[in-house]
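*Asks:* Handing you this structure, nothing more for now.
The values are calculated or read from the model by the stated rules, or taken from the named source; none is laboratory data. These numbers come from a predicted model, not from an experiment. Note that we place each Cβ from the backbone using ideal geometry, even for glycine, and neighbour counts take in every protein chain shown. Calculation scope for accessible area: heavy atoms of the full protein, side chains included, ligands and nucleic acids excluded. Shrake-Rupley method; radii C 1.70, N 1.55, O 1.52, S 1.80 Å.
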Amino acid sequence: MGEIFDWIDNRFGIRQPHRKFLHRDIPEGVNYSFCLGGAALVCFIMLFLSGIMLSIYYVPSETEAFNSIVRINNEVRLGWFIRSFHKWSSNLLIISIILHTIRVFIYKAYRSPRELNWVAGSLTLVIVFASGFTGYLLPWDQKAYWATEVGTSMAKTIPIIGKYLLYLVRGGEDVTGTTLIRFYAMHIIYLPSCLFILLWAHFHMVRKQGIKGGL
Ligand code: HEM
């Protein structure tokens, strides 16, 4: 096997780009808690892939959203599995991202020169929470409806812009089919696009600055 791999490597070049891309010197004091960012990335990839699969059968409309979820659960082959997979990876992402933030905070890795990466990370955190919130409405059942009703009504408490913000988020006075479509667009287009850009910036800075290392 080794000889075959060497033969291919000599002609195609696998080892060198692999080394260049993945091999980095690690400072002293690094331990398993430094894997939490990587764990969050794995969850994000699982979330993205299962989300693409769900979007094939999910119908974002006032009359069909709930039925399409029932269909995914009961009729689509392994639909229940993909749906649970999506839900679990979102929960695991939130847990790992919070633990990652705590790890970075304890190791004081937010200090110079990593301040901008802390800011990029904080924005990522907000967008991940917003993704969870917008995704919660999509099953379009009683729990989803009332959670969104209560959650969005908080926007109203913001002085001056509150009532405009509420109108913007809901697409009207109340939570309706328009809100569902708005949340769906946020959940599958706007928020993931922001996440991709932020994560790209995050990893670019991690690679440029390296890991901070022990306390
Ligand atoms: C989906 C979200 C996120 C992913 C996938 C992610 C991923 C990573 C990875 C793989 C690393 C390098 C290894 C490690 O330290 O674990 C890292 C480092 C870092 N992350 Fe994140 N991260 C996320 C969110 C955040 C958040 C919310 C913050 C802070 C508010 C943050 C701040 C940082 C900082 C400052 C570093 C550099 C740490 C050091 O040099 O020791 N990240 N991130």
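*Asks:* Leaving out ligands and nucleic acids, and using a 1.4 Å probe, what accessible area per residue does the chain come to in Å²? Please list the in-between numbers first.
*Replies:* On the way: 14490 Å² over 215 residues.
Counting only protein heavy atoms, the per-residue value for the chain is 67 Å².
*Asks:* Further question: What GluC sites (Glu not before Pro) in region 45-135 are in a loop by DSSP, with at most 11 other Cβ atoms within 10 Å of the Cβ?
*Replies:* Numbers: sites: E62, E64, E75, E115; in loops: E62, E64, E75.
Counting only loop positions with at most 11 other Cβ atoms within 10 Å, the GluC sites (Glu not before Pro) in region 45-135 are E75.
*Asks:* Follow-up question, since we're still on this one. Specify the angular offset, from 0 to 90 degrees and rounded to the nearest 10, of the alpha carbon long axis of helix 79-106 from the longest principal axis of the alpha carbons in the chain.
*Replies:* 60 degrees
*Asks:* Label points 7 Å out from Cα along the Cβ direction at L165 and W200: separation in nm?
*Replies:* 2.9 nm
*Asks:* Which whole-Hz couplings ³J(HN,Hα) result when phi for each residue of region 143-151 is put into the Karplus expression 6.51 cos²θ - 1.76 cosθ + 1.60, θ = phi - 60°, listed in order with x for Gly and Pro?
*Replies:* Computed from phi, the couplings for region 143-151 are 4, 5, 4, 6, 4, 6, 4, 5, x Hz.
*Asks:* I would also like to ask the following. Taking H placed 1.01 Å from N in the peptide plane, check which residues at least 5 places from R114 or on another chain put their amide H under 5 Å from its amide H.
*Replies:* Those qualifying (amide H under 5 Å, at least 5 residues apart or on another chain) number zero.
*Asks:* Next up: Pop a pseudo-label 7 angstrom from the Cα along the beta-carbon direction at both K143 and T178 and give the gap in nm to one decimal.
*Replies:* Placing both labels 7 Å beyond Cα along the Cβ direction yields 2.9 nm.
*Asks:* Can you compute the helix-only [θ] at 222 nm over the chain? Use -39500 (n - 2.57) per DSSP H run of at least 4 residues, normalise by all residues, nearest 500 deg cm²/dmol. Could the numbers behind the result be given before it?
*Replies:* Details: 10 runs with 151 residues, N = 215.
About -23000 deg cm²/dmol.
*Asks:* May I ask you to compute the full-extension gain from S153 to L78, defined as 0.36 nm times their residue separation minus their alpha-carbon distance, rounded to one decimal in nm? Kindly include the intermediate steps, with their values, before the conclusion.
*Replies:* Details: separation 75, 0.36 × 75 = 27.00 nm, distance 3.62 nm.
Length gained between S153 and L78: 23.4 nm.
*Asks:* From the backbone phi of region 37-50, what are the Karplus-calculated ³J(HN,Hα) couplings (6.51 cos²θ - 1.76 cosθ + 1.60, θ = phi - 60°) in whole Hz, Gly and Pro given as x?
*Replies:* Calculated HN-Hα couplings, in order: x, x, 4, 4, 5, 4, 4, 4, 5, 4, 5, 5, 5, 5 Hz.
*Asks:* Among G37, T63, N10, whose Cα lies farthest out toward the positive end of the dipole of region 1-73, if unit charges sit on the beta carbon of Lys, Arg (+1) and Asp, Glu (-1)?
*Replies:* Of the listed residues, the answer is N10.
*Asks:* In terms of modelled amide H atoms, which long-range or inter-chain residues lie less than 5 Å from the amide H of G171?
*Replies:* none
*Asks:* Taking the Cα centre of the chain as origin and charging only Cβ (+1 Lys, Arg; -1 Asp, Glu), how large is the dipole, in debye to the nearest 20? It would help to have the intermediate numbers written out before the result.
*Replies:* On the way: 21 positive and 13 negative charges, 134 e Å.
It comes to approximately 640 debye.
*Asks:* Now for a different question. Going toward the positive end of the dipole of region 108-215, with +1 on Lys and Arg Cβ and -1 on Asp and Glu Cβ, which of L165, G214, F183 do you reach last?
*Replies:* G214
*Asks:* Report in % the part of the accessible area of the chain that belongs to carbon and sulfur, leaving out ligands and nucleic acids; probe 1.4 Å. Spell out each step's value before the answer.
*Replies:* Working: 10020 of 14490 Å².
Of the solvent-accessible surface of the chain, carbon and sulfur hold 69 percent.
*Asks:* To one decimal place, what Kirkwood hydrodynamic radius in Å is obtained for region 31-209 from all pairs of distinct Cα atoms?
*Replies:* Values: mean 1/r = 0.0565 Å⁻¹.
Computed over region 31-209, the radius equals 17.7 Å.
*Asks:* Under 22 Å between C-alpha atoms is the cut-off here; go through the chain and count lysine pairs that meet it, provided they're at least eight residues apart or on different chains.
*Replies:* Values: K20/K208; K20/K212; K87/K143; K108/K208; K108/K212; K143/K156.
For the chain, the number of qualifying lysine pairs is 6.
*Asks:* Once R0 is set to 22 Å, what does the formula 1/(1 + (r/R0)^6) return for the Cβ-Cβ distance between D25 and S112, expressed as a FRET efficiency to the nearest 0.05?
*Replies:* 0.60
*Asks:* Applying the Karplus parametrisation 6.51 cos²θ - 1.76 cosθ + 1.60 with θ = phi - 60° to the phi angles of region 113-126, what ³J(HN,Hα) value in whole Hz is obtained for each residue in order, glycine and proline being reported as x?
*Replies:* x, 9, 4, 5, 5, 5, 5, 4, x, 5, 5, 4, 4, 4
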